[in-house]
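*Asks:* Can you read through this structure? Questions will come right after.
The values are calculated or read from the model by the stated rules, or taken from the named source; none is laboratory data. Here the structure is a predicted model, which means the values were calculated and not measured. Positions of Cβ are generated from backbone atoms using ideal geometry, with glycine treated the same way; all protein chains shown enter the neighbour counts. Please note that ligands, DNA and RNA were not included when accessible areas were found on the heavy atoms of the full protein model with its side chains. Shrake-Rupley method; radii C 1.70, N 1.55, O 1.52, S 1.80 Å.
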Amino acid sequence: MRLRCMVAAGAAVLALAAVSGCGGSGSGDGNVPADGDGQSAGSGGRLMDSETNGRLSFPTMADIETFVSQRTTCTDLHMEDKDPEYEDDPEVVGVGKLWGIKERAVCWDADGNGVKLMSVDDMKSFQTQAEKLQHTGYLVGEDFAITGGSTTRDNLKDSGLLALVCDPEEQIPSGYKQEKALVDGCTLTDFIS
């Protein structure tokens with residue numbers, strides 16, 4: 001009887017070891033630790049793509065909305081090619097080749113301010129227009145941009161997005177990342193004010 005219990009206990013230990021050794025999302029070569037949910041350890045739950053230099057990449061508006069909604073309020077999402085009050089302005093931020101925007105949507109934060117979500121298929125065109133018109137307030141990933149009020153910006157500070165700064169007067173404090181943007185005169189930084 002005692003031997004039978006020891007054999008059963010040993011089998012249970014082996015079964016548990018086998019179960020805990022599978023199901024991870026690592027590469028199998030020991031170089032990428034697995035955390036069990038399809039993302040590499042240390043990614044902070046963010047989707048990152050090695051082809052995008054570690055920057056956040058969300059190819060669809062649904063992906064962008066989900067990302068924003070997990071961090072801040074984004075209600076009543078609706079598609080809007082450009083701001084209705086600036087329809088006649090040929091350089092207004094909007095869908096099309098000039099800004100490189102594929103899709104643009106608007107939702108509302110907890111304070112009732114508009115949050116604009118943009119799927120960008122030509123980030124260089126987007127940054128060129130932002131620099132040319134000295135537009136500020138954009139938080140960018142590899143293929144999308146977001147702009148909103150102070151509450152939205154505060155809630156997205158630690159999200160992995162970078163602020164696009166094209167104002168030479170704006171100073172970035174030491175210790176914050178400062179990367180060259182795709183156009184001269186602009187910087188990408190994790191300092192989000």
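*Asks:* Could you give me D for the stretch 65-109, from Stokes-Einstein at 10 °C and 1.306 mPa s, where the hydrodynamic radius is the Kirkwood radius over C-alpha pairs? Units µm² s⁻¹, please.
*Replies:* Taking Rh from Cα pairs, D becomes 137 µm²/s.
*Asks:* Then there's this: Averaging sequence separations of C-alpha pairs under 8 Å and six or more residues apart, then dividing by the length of the stretch 71-180, give the relative contact order as a whole percent.
*Replies:* Numbers: 180 pairs, mean separation 24.5, N = 110.
Dividing the mean separation by the residue count of the stretch 71-180 yields 22 percent.
*Asks:* Moving to a separate point now. Taking amide H positions as placed 1.01 Å from N in the peptide plane, with prolines and chain starts having none, which residues 5 or more places from Gly94, or on another chain, fall under 5 Å of its amide H?
*Replies:* Sorted by chain and number, the residues that satisfy this are Trp99.
*Asks:* Still on this structure, please answer the following. Please work out how much length the chain gains when fully extended from Lys177 to Asp88, using 0.36 nm per residue of separation minus the C-alpha to C-alpha distance, in nm with one decimal. Don't skip to the end; give the middle numbers.
*Replies:* On the way: separation 89, 0.36 × 89 = 32.04 nm, distance 3.76 nm.
Taking Lys177 through Asp88 to full extension adds about 28.3 nm, to one decimal.
*Asks:* Continuing with the same structure: Please give the per residue accessible area of the stretch 78-193, computed with a probe of 1.4 Å over protein heavy atoms only, in Å². Before the final figure, lay out each step's value.
*Replies:* Working: 5820 Å² over 116 residues.
Here the residues of the stretch 78-193 average 50 Å² of exposed surface.
*Asks:* How much net charge surrounds Thr60 when only the other residues with a Cβ under 11 Å from the Cβ of Thr60 are counted, with Lys and Arg +1 and Asp and Glu -1?
*Replies:* On the way: positive: Lys102; negative: Asp63, Glu65, Glu103, Asp143.
So the surrounding residues net to -3.
*Asks:* Give me the number: length gained by fully extending Ala110 to Asp167, i.e. 0.36 nm times residue separation minus the C-alpha to C-alpha distance, one decimal in nm.
*Replies:* On the way: separation 57, 0.36 × 57 = 20.52 nm, distance 2.85 nm.
17.7 nm is the gain from fully extending Ala110 to Asp167.
*Asks:* Can you pull the percent of the stretch 71-156's accessible area that's carbon plus sulfur, 1.4 Å probe, other chains left in place? If you can, show how the numbers build up before the last one.
*Replies:* Values: 1810 of 4020 Å².
Ligands and nucleic acids excluded, carbon and sulfur give 45 percent.
*Asks:* Now for a different question. Any idea what the relative contact order of the stretch 118-178 is, in percent, if you count C-alpha pairs under 8 Å spaced at least 6 apart? If you can, show how the numbers build up before the last one.
*Replies:* Values: 54 pairs, mean separation 21.5, N = 61.
Once divided by the residue count of the stretch 118-178, the mean separation gives 35 percent.
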